[in-house]
Structures are given as structure tokens and as C-alpha cells.
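Chemist: Take this structure, written in C-alpha cells, and hold onto it; I'll ask about it next.
Read the figures in this text as sums done on the coordinates, not as results from a lab. What you are looking at is a predicted structure, and each value in this text was computed from that prediction instead of being measured. With ideal geometry, Cβ positions are generated from the backbone for all residues, glycine too; neighbour counts draw on all protein chains shown.
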Amino acid sequence: MNFLVFGLAGMLRYGIRDKELSLCILVVSSDVFCEKLSNALYSCSKKQGRFKLVIHECRRVQDVINVVVNPRVDFIVFGIDTRVGSCLEEVEEDIKVSSNTFTLGRTCFVHDDGIKLFEMSVSYNDIWDLQSKYGGYVLAGSVESEAKCLYLAERILKMISTVSGVNSGLPYIWCPGLNGE
């Protein structure tokens, strides 16, 4: 507790140094989704120039754990392909693995809003049930066109900036029992 108070007091007194500010994002999804979204996130981050961005891409969380020793992750983005019936089970397994390995910060569930209802194996309600069970945020977006992907990346970076305290200098701190949980 003293460290938390001292850390917050130090941030308030000395501020955050922009030169040292970096955010690490883990993007978990198919290869195509990861590549397109990561490129868009890097592009938007360079435009904003407010922080250094580090992105780990993987199909499954265990892939990063096997390669990177003690990865620091500030935010996890799960890309959900609603055309695949087992996608939510895979995401749940990844959440369980990540909660054992990382200091689980914030998560975001992104689903493609361009998929037609008759093509979907997983409904929007199932995604919201996943969000209710594990917390995090739900975003609808698309990586199919470059413009839509850049818009999605901007939204994700704004959300991460807010949650991580880039905007205010104070990160959102989850405390069981204090945040209504």
C-alpha cells in the first residue's frame, strides 16, 4: 500500500516523462488480424507521438509466453472471429493462461462488425457474456479496409491511453471491492 501511495504521489509531484513512456500491447488473434491491426496501431501511435508502442502478436497467449521471458503487457486485445464456433472457448483459455502469467491489466474484445448475422457462429450476446464474466471492453470494428482498421486502432489507442493514465497521469487501478466488484 505504501508503494502504491508513494508511486501515485511521485507521479503527481514529478509528472510522467514522455520520453520514458511506453505501452506494451498483446494482440491475440489470427495472423491476418494481428498483422493488420498491429500495423495500424503503430501508424496511429507514430502520428500521435505520445508514447513508444511495443506490440506482441500471437495466435495464442502461450506462444508469447514460450518465446518472451517475463513479458510486460499493459493491455491485451483479443480479436474474436465470430465465424468460428470455438473462438470464445479459445479466448477463455487464453484469459486463464494470461492471468497466471501476466499481471493482468486491461483487456479488450474486438469483433468484426462487417460479418453478416447468417455467417456468425457466435452472437454478439455471447461476446457480451464473455465481457461480463471477465471484464474488459468490447469494441466492434474491422480490419478489412485500411481506413476502418486505422479508425479501430485510433479507438483502441485512445482507450489504452485513458486506462493506462497517459492522458491524466493517473492509471486506472483495479481494486477488488473498491470498484464495485
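Chemist: Treating the Cα atoms of the stretch 21-163 as identical point scatterers in vacuum, please give the log10 of the normalised Debye intensity I(q)/I(0) at q = 0.12, 0.13, 0.18 Å⁻¹, two decimals.
Modeler: Each listed q maps to, in turn, -0.44, -0.52, -1.04.
Chemist: Let me ask something else. Given the peptides 62-68, 114-120, arrange them by the average over their residues of other C-beta atoms within 10 Å, most packed first. Please list the in-between numbers first.
Modeler: Details: 62-68: 14.1, 114-120: 11.0.
Descending packing order for the listed peptides: 62-68, 114-120.
Chemist: Would you mind checking which residues have amide H under 5 Å from Ile76's amide H? H placed 1.01 Å from N; only 5 or more apart, or other chain.
Modeler: Amide H neighbours of Ile76: Leu26, Arg106, Thr107, Cys108.
Chemist: Defining a contact as two alpha carbons under 8 Å apart and six or more residues distant in sequence, what relative contact order in percent does the stretch 21-163 show?
Modeler: Working: 221 pairs, mean separation 37.8, N = 143.
Computed value for the stretch 21-163: 26 percent relative contact order.
Chemist: Give the Cα extents of the stretch 106-157 along the principal axes, in whole Å, largest first.
Modeler: 31, 31, 8
Chemist: Continuing with the same structure: Pull out the extension gain between Leu117 and Val69, defined as 0.36 nm times the separation in residues minus the alpha carbon to alpha carbon distance; nm, one decimal. Walk me through the numbers on the way to the answer.
Modeler: Values: separation 48, 0.36 × 48 = 17.28 nm, distance 4.07 nm.
Full extension from Leu117 to Val69 adds 13.2 nm.
Chemist: Which lysines does Lys148 reach when only Cα atoms under 19 Å apart count, and residues fewer than 8 places away in its own chain are ignored?
Modeler: Counting by Cα, and skipping residues close in sequence, Lys148 has these lysines nearby: Lys36, Lys46, Lys47, Lys116, Lys158.
Chemist: For every other residue with a beta carbon closer than 13 angstrom to the beta carbon of Glu89, add +1 if it is Lys or Arg and -1 if Asp or Glu, then tell me the sum. All intermediate terms of the calculation are to be shown ahead of the outcome.
Modeler: Values: positive: Arg60, Lys96, Lys133; negative: Asp81, Glu90, Glu92, Glu93, Asp94, Asp126, Asp129.
Summing Lys and Arg as +1 and Asp and Glu as -1 gives -4.
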